[in-house]
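Everything below concerns the one structure shown next.
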Amino acid sequence: MHSLTPTPIKLISYDHDGEKARHFTFGLLDPKAMAAPEPGQFFMLHVPGAGAAPFTFTRPPDSQGVFRALVRQMGSVTSALFDCEPGSILGVRGPFGKGWEISPLKDRRVLIIAGGCGLAPLVSLTDHLIMQQYCNELVLLYGSRSAAASVLNPERERWGKDIPVIDILENRGHKHIGLTGTPMDAIDMVINRMKAIPDVLLLCGPEIMMQSVAREFVRRGLDAKQIWLAIERRMHCAVGTCGHCYMEHQYACKDGPTYRWDALQKLVARQSADRQAAYHC
Ligand SMILES: Cc1cc2nc3c(=O)[nH]c(=O)nc-3n(C[C@H](O)[C@H](O)[C@H](O)COP(=O)(O)OP(=O)(O)OC[C@H]3O[C@@H](n4cnc5c(N)ncnc54)[C@H](O)[C@@H]3O)c2cc1C
Ligand code: FES
């Protein structure tokens, strides 16, 4: 049973990382206060006086309890966080949710496609896969609105030494000489580079992007069971009790946020059928 009482953390520092986004470093006051998260698991960050919101660990707590998260400023909680100075005491609960399934990636040819801040839930997984040389082939395609909006530039630069990292920007700035468009526009190029469709596809980003990309890969012959994605839902308790993230007998906070594409499609189809039935009765 998870406690709803937050554990105290200190805001150690932050780096500006893209438009309205910062990469924060936090430290648990008691380094042993939190279980080790798996890649893709998230925590609830409590900002006193503002509330709580879910974020993914980009680096899990080390032996000193120091961990990192990339946060884009959206509304009340994130704005209050952006007003905090290093040294501020905040709260944390977690780790929560199901992380990425790692065993299906062993010795496979894996393509990761992320959009915007959707790269955050894939950071510790990518680090793990590269460090362990876990996959036969690993390629990252990262889509962003513009160079200014791109996040996690140091991480992509670091990964680029070990794996192909392909960036695509929706709005080409006058200095940009790379690809222009959305990840959908780069699929042919990436498949050519990989010489064939990948064995496994991992997706995280705007839901519309993930759906179009997943459908396109299925159309090209990839089994839906080989596609995994992470979704975002409004979350409050993160332990399956408040119902904020309810999706057809599932709670995204406990049963997600990572799902296999075929399972998620069934879930969403059942949910919209139920909604239509409720509307007509
Ligand atoms: C499992 C999970 C992991 C996440 N990881 C990260 C992360 O690593 N980095 C990061 O920057 N963000 C992450 N998010 C999103 C982040 O939690 C929200 O942006 C945050 O709740 C905003 O809080 P706020 O109070 O500042 O904004 P709010 O005032 O809550 O919202 C501002 C705007 O964002 C919309 N919004 C807020 N939350 C969601 C949501 N879950 N789904 C769709 N729309 C939403 C609101 O409708 C509103 O338009 C994650 C979300 C989930 C569910
Ligand atoms: S956030 Fe409360 S049930 Fe999922």
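Taking the criterion of being among the hydrophobic types (A, V, I, L, M, F, W, C) and in a strand (DSSP E or B), the residues of segment 146-170 that qualify are V165, I166, I168, L169. Cβ-Cβ contacts under 6 Å between residues 6 or more apart (or on different chains), taken from a first residue in segment 1-26 that is in contact (Cβ under 8 Å) with a residue 24 or more places away in the chain and more than 17 Å from M44 (Cα to Cα) to a second residue that is in a strand (DSSP E or B) and polar (S, T, N, Q), are listed as I12/T25; S13/T25.
The set of residues from segment 221-260 being of a type in the set (V, I, T) and more than 15 Å from ligand 2 (Cβ to nearest atom) comprises just one member, I227. Does at least one position in segment 128-136 carry a residue that is more than 21 Å from E232 (Cβ to Cβ), touching a residue at least 60 places away in the same chain (Cβ under 8 Å) and either under 19 Å from the mean Cα position of the chain (by Cα) or within 16 Å of ligand 2 (Cβ to nearest atom) (or both)? Checked segment 128-136: at least one residue is more than 21 Å from E232 (Cβ to Cβ), touching a residue at least 60 places away in the same chain (Cβ under 8 Å) and either under 19 Å from the mean Cα position of the chain (by Cα) or within 16 Å of ligand 2 (Cβ to nearest atom) (or both). In the set (1) free of Cβ contacts under 8 Å to residues at least 60 places away in the same chain; (2) farther than 15 Å from G97 by Cβ; (3) of a type in the set (S, T, N, Q), the condition left unmet by Q41 is number (2).
Listed by position, the strands (runs of 3 or more DSSP E) inside segment 10-70 whose residues that are crowded, with 17+ Cβ neighbours inside 10 Å, within 16 Å of ligand 2 (Cβ to nearest atom) and on the phi < 0 side of the Ramachandran plot number at least 2 are 42-47, 51-56. In this structure, R156 does satisfy being in contact with a Phe, Trp or Tyr (Cβ under 8 Å, 6 or more places away or on another chain) and basic (K, R).
Restricted to segment 156-211, and to residues there that are within 20 Å of the chain's Cα centre (by Cα) and more than 16 Å from Y142 (Cβ to Cβ), the residue that is surrounded by the fewest Cβ atoms within 10 Å (Cβ to Cβ) is I208. Residues that are surrounded by fewer than 21 Cβ atoms within 10 Å (Cβ to Cβ) and either among the aliphatic types (A, V, I, L, M) or in a strand (DSSP E or B) (or both) within segment 97-144 comprise K98, I102, R109, I130, M131, E137, V139, listed in sequence order. Would you point out the residue of segment 233-259, among those that are without any contact (Cβ under 8 Å) to a residue 40 or more places away in the chain and touching a strand residue (DSSP E or B) at 6+ places or on another chain (Cβ under 7 Å), that is surrounded by the most Cβ atoms within 10 Å (Cβ to Cβ)? Here the residue is C245.
Throughout, read-outs are computed from the coordinates displayed, never taken from laboratory work. Keep in mind the model is a prediction, meaning the values are calculated, not measured. So basically every Cβ, Gly included, is an ideal-geometry build from the backbone, and we count neighbours across all protein chains shown.
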